[in-house]
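Participant: Encoded as structure tokens, here's the structure I'll be asking about.
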Amino acid sequence: MAPTEPALAPSQHVPVMPDEVVAMLAARPGSLHIDATVGGGGHAERILAASDPDGRLLGLDADGAAIARVRERLAGRYGDRLRLRQANFRQLADVAPGEGFGAIDGCLFDLGLSSDQLADAERGFSFRTTGRLDMRFDTSRGIPAAELLATLDAGELTALLRRYGEEPFAGRIARAVVEARRTAPVETAADLAALVERVTPGRAPGRRRVHPATRVFQALRVAVNEELEALQEGLAAALDLLRPGGRLVVLSYHSLEDRIVKRFFQAERRGCTCPPEAPVCVCGRQPRLRLVTPKGLVPEEAEVAANPRARSARLRAAERLVA
Ligand SMILES: C[S@@+](CC[C@H](N)C(=O)[O-])C[C@H]1O[C@@H](n2cnc3c(N)ncnc32)[C@H](O)[C@@H]1O
């Protein structure tokens, strides 16, 4: 008898603000949606249920393991209604039309990493694991975090930690990494977490219990995956694919991401990019978005209590205008 492939562990990821996401995407029978970050497939499943019996969904993820897991769980149930592709959402403009998603009713971006990635000790996303610091969503390309820590000089590392983690002790941590690697490379998540703990001041009494390495890990992950650049490009590509009335919905988890989303939505709501002192518009750009959630939405307390991952989430939604 042929040996059977071991089944993938089921996803542990609990989708954030699922009711709000589905309502904002306005999924309905016959609609065409893209989930640009399909992850464990929790949102995808809700979108497919809301667009029953014939709505279709294209799910993308940079992480091949996420795509394989969603395929195993949902492909049999949804057949032709679900298409899955391992791709970075930066490539949305190239990938979507070829899959039959050139004009869509909605696109979801649920940013950052999933609980499945966080729990995978081999990938080094969590400072609680002893895995090598890799941190790539797509393990087939890019530079692992451990390599950045081994090669960047103190100035470059300081800039990275400031820019992508807004880390107040960036210089001190960067110098400590350069010093430490003279004797042994800073290679695992546990090595780095311990180093940060050693060189930064302890938590002030009464402050929330956030690990002192949280911002450092965020910064490395954002840099390794070029997350901010990808987000900017992904949003622009998604907007181009939307039909008039189509919805763009983004869940972000930290201020750097949310700032990009907010600015992108504001710029597309305004349209004209002429300087304020210009007497008449010469750029001719028309507004392309209407804000559906001007201030964004945050999860209910009950959701945060049940799913701590939702704690820092902010949902922004906008609708494509005719222009
Ligand atoms: C928060 S999880 C998504 C969870 C999903 N909404 C669910 O319900 O299970 C984020 C996912 O986005 C993926 N991701 C992050 N940046 C990406 C990018 N630029 N292109 C494609 N996928 C990306 C990650 O690999 C991860 O699986």
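Just so you know, all these numbers are worked out from the coordinates, no wet-lab data involved. Quantities reported herein were computed from a predicted structural model and do not represent experimental measurements. Don't worry about glycine lacking a Cβ; one is built from the backbone with ideal geometry, like all the others, and counts go over all protein chains shown.
Participant: Tell me, what ³J(HN,Hα) does each residue in segment 168-175 have, in order and in whole Hz, if you take phi through Karplus 6.51 cos²θ - 1.76 cosθ + 1.60 with θ = phi - 60° and put x for Gly and Pro?
Facilitator: x, 9, 3, x, 4, 5, 4, 5
Participant: Given contacts defined as C-alpha pairs under 8 Å and at least six residues apart, what's the relative contact order of segment 257-320, whole-number percent?
Facilitator: The value is 32 percent.
Participant: Just grab the label-to-label distance for R181 and K295, each label 7 Å out from Cα along the Cβ direction, in nm (one decimal).
Facilitator: 4.5 nm
Participant: Along the positive direction of the dipole of segment 139-224 (beta-carbon charges: Lys, Arg +1; Asp, Glu -1; about the Cα centre), which of A184, T151, G171 reaches farthest?
Facilitator: G171
Participant: Ok, one more. If you average the C-alpha positions of segment 299-317 and of segment 60-94 separately, how far apart do those two centres end up, in angstrom?
Facilitator: Between the Cα centre of segment 299-317 and that of segment 60-94, the gap is 25 Å.
Participant: Using amide H atoms built 1.01 Å from N in the peptide plane, name the residues 5+ places from L82, or on other chains, whose amide H lies under 5 Å from its own.
Facilitator: Hits under the 5 Å cutoff: L57.
Participant: Can you give me the relative contact order of the chain as a percent, contacts being Cα pairs under 8 Å and 6 or more apart?
Facilitator: It comes to 17 percent, rounded to a whole number.
Participant: Also, quick follow-up: Could you give the size of the charge dipole of the chain about its Cα centre, using +1 on the Cβ of each K and R and -1 on the Cβ of each D and E, expressed in debye and rounded to the nearest 20?
Facilitator: In debye, rounded to 20, the chain gives about 860.
Participant: For segment 89-98, in order, what is each residue's ³J(HN,Hα) by Karplus, 6.51 cos²θ - 1.76 cosθ + 1.60 with θ = phi - 60°, in whole Hz (x at glycine and Pro)?
Facilitator: Values per residue, Gly and Pro as x: 5, 4, 9, 3, 5, 7, 7, 4, x, x Hz.
Participant: Can you tell me the relative contact order of segment 139-224? Whole percent, Cα pairs under 8 Å, sequence separation 6 or more.
Facilitator: Answer for segment 139-224 is 39 percent.
Participant: At 0.36 nm per residue, and after removing the present C-alpha to C-alpha distance, how many nm does the segment from T151 to E226 gain when stretched out fully?
Facilitator: 25.3 nm
Participant: Modelled label-to-label distance, S140 and R28, 7 Å Cα→beta-carbon offset: nm?
Facilitator: 3.9 nm
Participant: Based on C-alpha coordinates, I'd like the Rg and Dmax of the chain, in Å.
Facilitator: Over the chain's Cα set, Rg and Dmax evaluate to 21.0, 79 Å.
Participant: Hey, another quick one. What is the Cα coordinate range of segment 139-224 on the first, second and third principal axes, sorted by size from largest, in whole angstrom?
Facilitator: For segment 139-224, the Cα spread along each principal axis is 42, 27, 22 Å.
Participant: Give a quick list of trypsin sites (Lys or Arg not before Pro) in segment 240-315 that DSSP marks as loop, anything other than H, G, I, E or B, with at most 15 other Cβ atoms within 10 Å.
Facilitator: Answer in residue order: R285, K295.
Participant: Using a basic spin-label model with each label point 7 Å from the Cα along Cα→Cβ, how many nm lie between A159 and R259?
Facilitator: My value for the distance between the label points is 1.7 nm.
Participant: Once you charge only the Cβ atoms, +1 for Lys and Arg and -1 for Asp and Glu, what is the size of the charge dipole of segment 139-224 about its Cα centre, to the nearest 20 debye?
Facilitator: The calculation lands at about 400 debye.
Participant: Contour minus end-to-end for A93 and V14, with contour as 0.36 nm per residue of separation and end-to-end as the Cα-Cα distance?
Facilitator: Stretched fully, the A93-V14 segment lengthens by 25.6 nm.
Participant: I need the phi-derived Karplus couplings for segment 264-274: 6.51 cos²θ - 1.76 cosθ + 1.60, θ = phi - 60°, integer Hz, Gly and Pro marked x.
Facilitator: In residue order, the calculated couplings are 5, 4, 5, 5, 6, 6, 6, x, 4, 10, 5 Hz.
Participant: Moving on to the next point. Report the Cα centroid-to-centroid distance between segment 7-48 and segment 224-259 in angstrom, as an integer.
Facilitator: Taking the Cα centre of each part, segment 7-48 and segment 224-259 sit 16 Å apart.
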